1. What are the pairs with Cβ atoms under 7 angstrom where one residue, in the stretch 5-33, is free of Cβ contacts under 8 Å to residues at least 40 places away in the same chain and at negative phi and the other, located anywhere, is open to solvent by 50 Å² or more (accessible area, probe 1.4 Å) and of a type in the set (A, V, I, L, M)? Sequence gap at least six, or different chains.
2. I'd like to check which helices (runs of 4 or more DSSP H) are fully inside the stretch 1-70 and have at least 3 residues that are open to solvent by less than 40 Å² (accessible area, probe 1.4 Å), of a type in the set (Gly, Ala, Ser) and over 19 Å from Ala150 (Cβ atoms).
3. As an exercise: evaluate Arg90 against (1) open to solvent by 60 Å² or more (accessible area, probe 1.4 Å); (2) over 19 Å from Gln158 (Cα atoms) and give the number of the one condition it does not meet.
4. Are any residues in the stretch 93-123 within 20 Å of Ala72 (Cβ to Cβ), of a type in the set (Ser, Thr, Tyr) and open to solvent by less than 20 Å² (accessible area, probe 1.4 Å), and if so, which ones?
5. Which residue pairs have Cβ atoms under 6 Å apart, sit 6 or more places apart or on different chains, and have a first residue in the stretch 98-121 that is without any contact (Cβ under 8 Å) to a residue 40 or more places away in the chain and at positive phi and a second that is assigned to a helix (DSSP H, G or I) and crowded, with 17+ Cβ neighbours inside 10 Å?
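The values are calculated or read from the model by the stated rules, or taken from the named source; none is laboratory data. Only a predicted model underlies this, so the values are computations on that prediction, with no experimental measurement involved. Note: ideal-geometry Cβ built from the backbone for every residue, glycine included; neighbour counts use all protein chains shown. The protein model used for the area step is the full one, side chains on, heavy atoms only, and it has no ligands, DNA or RNA in it. Shrake-Rupley method; radii C 1.70, N 1.55, O 1.52, S 1.80 Å.
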Amino acid sequence: MTVISQVILQADDELRYPSSGELKSIKEFLETGMQRTRIAATLSENEKKIVQEATKKLWQKRPDFIAPGGNAYGDKQRALCIRDFGWYLRLITYGVLAGDKEPIEKIGLIGVREMYNSLGVPVPGMVEAINALKQASLDLLNTEDAMATAPYFDYIIQAMS
């Protein structure tokens with residue numbers, strides 16, 4: 001939920017107008033709108049490049065993932081891993097656009113650990129994968145945009161750890 005929605009719902013629940021502090025938070029949210037949109041556009045326009053770089057780095061670091069017996073061994077399993085990379089990158093763009101981690105939580109993290117455990121996917125390996133995705137993404141952003149984006153990746157990493 002965006003800052004604007006949160007402020008409106010809270011004020012309405014309390015039958016009052018938004019406070020000056022709440023209006024200030026809306027102003028700050030709007031002021032970062034161009035940056036958030038720019039980041040989301042960069043990530044989405046470069047999805048294929050980001051995913052390719054992240055998978056390349058992950059397989060180099062962890063060749064056991066794609067070796068016989070690894071969770072990404074074989075074309076089908078590897079394709080599923082790559083699909084998940086794109087899915088997590090999309091979640092990051094949702095969070096960045098909203099300026100909030102709530103979309104990441106609601107859409108993608110509820111039950112993620114249990115899901116991977118039930119599929120036999122090692123969660124520490126997923127943490128490594130998200131770290132690779134983070135690095136490949138941040139490498140495409142300027143310093144300020146990377147600093148604004150990193151916490152969304154870190155939120156996913158922390159939730160999986």
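1. Taking only residues 6 or more apart or on different chains, the pairs are Ile26/Ile4.
2. Values: elements: 3-13, 20-31, 33-45, 47-61.
Hits in the stretch 1-70: none.
3. (2)
4. Within the stretch 93-123, just Tyr116 meets the criteria.
5. From the stretch 98-121, no pairs qualify.
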